[in-house]
Amino acid sequence: MANQGDIGGIIQLASWVAEHEGKNEGLAKVLITVAESQTTAAPSQLIAMYKVIEQLAHTRRTRQTAIKKLEEHKPEKKEVIQGERKDIFPNTVENHLSYARFYASIDNPGEAEYHHLRAIELDASTDALLSYAQFLEKQDRREDAVKQYLEALKLDPSDATIHNNLGIIFYHEGRLEEASNHLKEALLVEPDPTTMNNLANIYSDLGDAAEAERLYKHSIKINPHDSDTHNNYALLLWDQGKSDEADEHFRLALDNRPEDLIIRGNYVKFLIEKKRYGDAERQFGYLTSMVPLEPELYLNRGVVLSKLGKLDEAERMLREALHITPDNADINLHYALILVKKGSNVTAEAHFNKSINKNPENPDAYLVFGFYLYNQQRYDEAEENFKAAIERDPNTPETRLYYARLLADTRRDDEAETQLIMGLEKNPEDPELNLYYAQFLSKRERPQQADKHFKKSLNNSPLNPRAHFSYGIHLSFHGLKEKACVHLQKAAELDSQYQSLVKSAMDL
């Protein structure tokens, strides 16, 4: 891509991308390759290159690579002796601030701070205090930065930039009320769309969805092309169950910034939750072309392909992920699940065990492995895993449910009922726990109790065809044919697979 002659141009172009378009993992990785291939580049050029790479990097691995390379190429700093500093001419606030910004730009914070302090000595103006506060903030000295911002605010209580910067600092520190107060003050001075977006985020965190939505809409009206606001508004709409509107704003965010990995990642999660696996797979195709070596990306894409029934492609994705991080517990667990679907049980068990060995405190691994062993009718081993899952997380309803099924299948009804009751104590509205307990009670001729839990299950999951069918059979057996028909017909309406079963049940 580059030779020694155009390295400066590449740095300039990459800096422009970082400033105007934000993160770009693909470009960051290309630049690492370019930087590593340089044999005669000046150290200052390599330092500049790796600084830009750090700004562009989206993944932790790429960012850490850039930071490591920066440390390798950074020249040793000479201790600055106060007496070595020469007086600058003219000795003005503006001149010292110019020097301060220059030294900050070449990563010499000691000199930058010295000139900021000299400027403030000459005139503790709003501009000098604001510049010093912004410098301190970039140095991650937030407490010191806040002090300088507050001093500047005494001189100019209506400065929108100061209020905005304080609001952002307080937001990151979790001081939401203080953050919102400063952002409101900033908006009184200037109706800035970015400030509106930041304030909307705070209202969203505080649970005031209506005010958050009002601000997101206002921000978008002023700047309809701001991807961050569209993304944040989409997340709020998703949380409110407004799927169509959320989808629209995710798309608008990506139209304006198609290479933003965070926004596209959020959209993928949204699509997966909505079971739009085909759309999610298309998004994964785009992501993979941008970030070809991300194991989490391969893992999630493999899961989606598995949902689509494309097991060979799913297995290939999980293999790619394991090639990068062979000891990752989650990847081994999902790889085991795909192998089970393909009938490769021996290899699957090896990966189940590896997942548990690498993360022995993960209850999900024990639950999934226990369910696999249960289906293999290896009840003793399954029970050990269900118990291990409950020990690590006693509140998950699925574990209680599957363990209760195992106990019922092995004729340990009292123990099974104990597990169901314990599960419902923690999750009284869980539709699956209530449904299985209703079926359990119905089989044991306790119809009134069963009826209560059938109703509770359907109340919390009214579109579950299995629950309607099971309740219909229960009602039919107890002579309530008319009520039974309502639920049986509803099951057939919701899922055509139940039609023949319903016909047979209604003919009885």
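Bear in mind these aren't lab numbers, they're just calculated from the coordinates by the rules spelled out. Here the structure is a predicted model, which is why all the values come from computation and not from measurement. When we count neighbours, we look across all protein chains shown, and the Cβ atoms used for this are built from the backbone with ideal geometry, even at glycine.
Brief remarks on what is shown
- Prolate/oblate/rounded call for segment 91-139, Cα gyration tensor, a/c under 1.5 rounded: oblate
- Degrees separating the helix 465-477 axis from the principal Cα axis of the chain, which is the longest one: 20
- Between H478 and Q499, the contour length at 0.36 nm per residue exceeds the Cα-Cα span by 5.4 nm.
- Summarising the label geometry, the points placed 7 Å from Cα in the beta-carbon direction at E313 and T126 lie 5.8 nm from one another.
- Trypsin sites (Lys or Arg not before Pro) within segment 85-125: DSSP coil, no more than 16 neighbouring Cβ in 10 Å: R85, K86
- Full extension of the chain between V486 and S243 yields a length gain of 84.5 nm, computed as 0.36 nm times the residue separation minus the alpha carbon distance.
- Pairs beyond 26 Å (Cα-Cα), from K269/K387; K452/K483; K68/K138; K310/K490; K217/K242; K269/K310: K269/K387; K310/K490
- Between N395 and K342, residue separation times 0.36 nm minus the direct Cα-Cα distance comes to 15.9 nm.
- Legend: calculated FRET efficiency, F102 to E173, from the Cβ-Cβ distance at R0 = 30 Å, rounded to 0.05, equals 0.50.
- One entry in [x] 102, 54, 39; [y] 111, 95, 42; [z] 61, 57, 49 is Cα extents along the principal axes in Å calculated from the shown coordinates; its label is [x].
- For segment 150-160, 3J(HN,Hα) per residue [Karplus equation, 6.51 cos²θ - 1.76 cosθ + 1.60, θ = phi - 60°, Hz, x = Gly/Pro]: 5, 5, 5, 5, 5, 7, 9, x, 10, 6, 5
- C-alpha long axis of helix 93-105 to longest principal axis of the chain, angle in °: 50
- Per-residue 3J(HN,Hα) values for segment 318-332, derived from phi via the Karplus relation 6.51 cos²θ - 1.76 cosθ + 1.60 with θ = phi - 60°, read 5, 5, 4, 5, 5, 5, 7, 10, x, 9, 6, 5, 5, 5, 4 Hz in sequence order (x marks Gly and Pro).
- FRET efficiency estimate (nearest 0.05) - Cβ-Cβ, N95 to K221, R0 30 angstrom: 0.10
- Rounded if a/c under 1.5, otherwise prolate or oblate - segment 452-508, Cα gyration tensor axes: oblate
- Shown here for segment 403-458: trypsin sites (Lys or Arg not before Pro) in loop regions (DSSP other than H, G, I, E, B) with at most 12 other Cβ atoms within 10 Å, namely R411.
- S289/K184 FRET efficiency (R0 41 Å; Cβ-Cβ; nearest 0.05): 0.45
- Shape of segment 97-234, Cα gyration tensor, a/c cut at 1.5: prolate
- DSSP-assigned coil residues among GluC sites (Glu not before Pro) in segment 141-220, each with at most 16 further Cβ atoms within 10 Å: E173
- Sequence ranges 111-117, 324-330, ranked by mean other-Cβ count within 10 angstrom, highest first: 111-117, 324-330
- In degrees, nearest ten, helix 109-122 long axis to first principal axis of the chain (Cα): 60
- Simple spin-label estimate for E36 and N357 in nanometres, 7 Å along Cα-Cβ: 3.0
- When the Cα positions of N359, H230, L155 are compared along the charge dipole of the chain, N359 comes out farthest toward the positive end, with charges on each C-beta of Lys, Arg, Asp and Glu.
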